[in-house]
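Heads up: the structure comes next, in structure tokens.
The values are calculated or read from the model by the stated rules, or taken from the named source; none is laboratory data. These figures come from a predicted structure and were not determined experimentally. Ideal geometry is used to build each Cβ from the backbone, glycine not excepted, and the neighbour counts take in all protein chains shown.
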Amino acid sequence: MRREGRVGIWVAADGGEAKIAAIGVRVRRWVTFHGVSLNVAPDLAHYRGIVACGIREHGVTSLAALGVDATMDEVDRALQRSFEAVFGG
């Protein structure tokens, strides 16, 4: 879900909300920078010292933490299919 005033993609997790992904686009000097990150199965302990997007009241989660058993290859293929469906392939 998208939340006003927050950067990223948020999901319901542990009775609250947690960030699972980020999408970014920037244009500087006529050059476009873009990227996407999706937490598939990281060690979430590494995030303990990070305040995601400066928002202290919400944490970070992953597909694995939400019970989704998917490999990076499966996620990559699913994202590719979705991208092609939207933008053509």
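So the values come out like this:
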{"quantity": "Flag if SER82 is assigned to a loop (DSSP other than H, G, I, E, B), closer than 23 Å to ARG3 by Cβ and of a type in the set (Ser, Thr, Tyr)", "calculated": "no"}
{"quantity": "Complete set of residues in region 65-80 that are surrounded by 11 or more Cβ atoms within 10 Å (Cβ to Cβ) and out of contact with any Leu (no Cβ under 9 Å at 6 or more places or on another chain)", "calculated": "LEU66, VAL68, GLU74, ASP76, ARG77, ALA78, GLN80"}
{"quantity": "Residue check, VAL31 in contact with a helix residue (DSSP H, G or I) (Cβ under 6 Å, 6 or more places away or on another chain) and among the β-branched types (Val, Ile, Thr)", "calculated": "no"}
{"quantity": "Close pairs from region 32-48: first closer than 18 Å to ALA13 by Cα, partner not hydrophobic (A, V, I, L, M, F, W, C), Cβ under 7 Å, at least 6 apart", "calculated": "ASN39/THR61; ASN39/SER62; VAL40/SER62; ALA41/SER62; PRO42/SER62; LEU44/SER62"}
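Conditions tested, residue by residue: (1) under 26 Å from THR71 (Cα atoms); (2) outside any loop (DSSP other than H, G, I, E, B); (3) among the β-branched types (Val, Ile, Thr); (4) at pLDDT 90 or above.
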{"site": "ARG2", "(1), (2), (3), (4)": "yes, no, no, no"}
{"site": "VAL7", "(1), (2), (3), (4)": "yes, no, yes, no"}
{"site": "ALA21", "(1), (2), (3), (4)": "yes, yes, no, yes"}
{"site": "GLY24", "(1), (2), (3), (4)": "yes, yes, no, no"}
{"site": "VAL27", "(1), (2), (3), (4)": "no, yes, yes, yes"}
{"site": "PHE33", "(1), (2), (3), (4)": "no, yes, no, yes"}
{"site": "VAL40", "(1), (2), (3), (4)": "yes, no, yes, yes"}
{"site": "ALA45", "(1), (2), (3), (4)": "yes, yes, no, yes"}
{"site": "ILE50", "(1), (2), (3), (4)": "yes, no, yes, no"}
